[in-house]
Amino acid sequence: MIKWKVNETMMIDTLNDKVFMEDKFKQNTDEYSASDCVNSMYILELKYRNMPSTLFGDCFLEKQKYDSLMKKASELGKQAAYVAAYRDGCYYAWNLSRLTKEGYDFGWEGNFMKATTHFENTDTIEKVSCKLPLTKGRKLI
């Protein structure tokens with residue numbers, strides 16, 4: 001199994017075992033889906049960060065991913081959220097639907113990043129993204 005898929009499955013299992021015991025997430029099987037998993041309330045994008053949560057104090061979110069999550073959440077009547085797991089075992093979540101409703105300024109800007117994270121294309125391209133401060137999220141674990 002591909003390493004990112006293993007991390008994704010591990011994250012879902014951990015969230016289901018430690019946080020969402022009553023409303024477990026189901027993993028999406030389509031790797032090109034707008035989200036990684038869903039339960040009765042949320043549609044989630046998951047990101048494993050191979051660094052401690054204390055290193056930067058934030059996490060990148062691509063605008064394209066945000067737009068896809070928000071659209072799919074609206075279609076399904078769910079909340080869009082982004083969850084990052086860190087090497088030190090900490091999990092942080094951002095409720096994107098709530099932040100948007102509250103008028104949060106995501107501060108979208110162009111940044112040069114790898115074209116893809118999990119595939120063989122390592123070219124660098126400009127992507128519109130923001131930094132989500134840990135202080136705007138919620139520590140789950």
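Worth a mention:
- Size of charge dipole - the chain - debye, nearest 20, with Cβ of Lys, Arg +1 and Asp, Glu -1, no other charges: 300 debye
- Accessible area per residue for the chain is 60 Å², calculated with a 1.4 Å probe on protein heavy atoms, without ligands, DNA or RNA.
- Sparsely packed loop sites in segment 56-116 (the trypsin sites (Lys or Arg not before Pro) outside DSSP H, G, I, E and B with at most 13 other Cβ atoms within 10 Å) comprise ARG87.
- In terms of accessible area, using a 1.4 Å probe and ignoring ligands and nucleic acids, MET11, MET21, MET70 rank largest first as MET21, MET70, MET11.
- DSSP beta bridges in segment 1-108 [antiparallel fraction, %, rounded to 5]: 55 percent
- Where chymotrypsin sites (Phe, Trp or Tyr not before Pro) in DSSP loops with at most 12 other Cβ within 10 Å are excluded, longest remaining stretch of the chain: 33-118
- Accessible surface of the chain, 1.4 Å probe, proportion on carbon and sulfur as whole %: 50 percent
- Here, the chain has an Rg and a Dmax of 14.5, 42 Å when only alpha carbons are counted.
The values are calculated or read from the model by the stated rules, or taken from the named source; none is laboratory data. Note that this is a predicted model, so its numbers are computed, not measured. All Cβ positions, glycine included, derive from the backbone under ideal geometry; neighbour counts span all protein chains shown. Accessible surface is based on the protein model in full, side chains and every heavy atom, while ligands, DNA and RNA are left aside. Shrake-Rupley method; radii C 1.70, N 1.55, O 1.52, S 1.80 Å.
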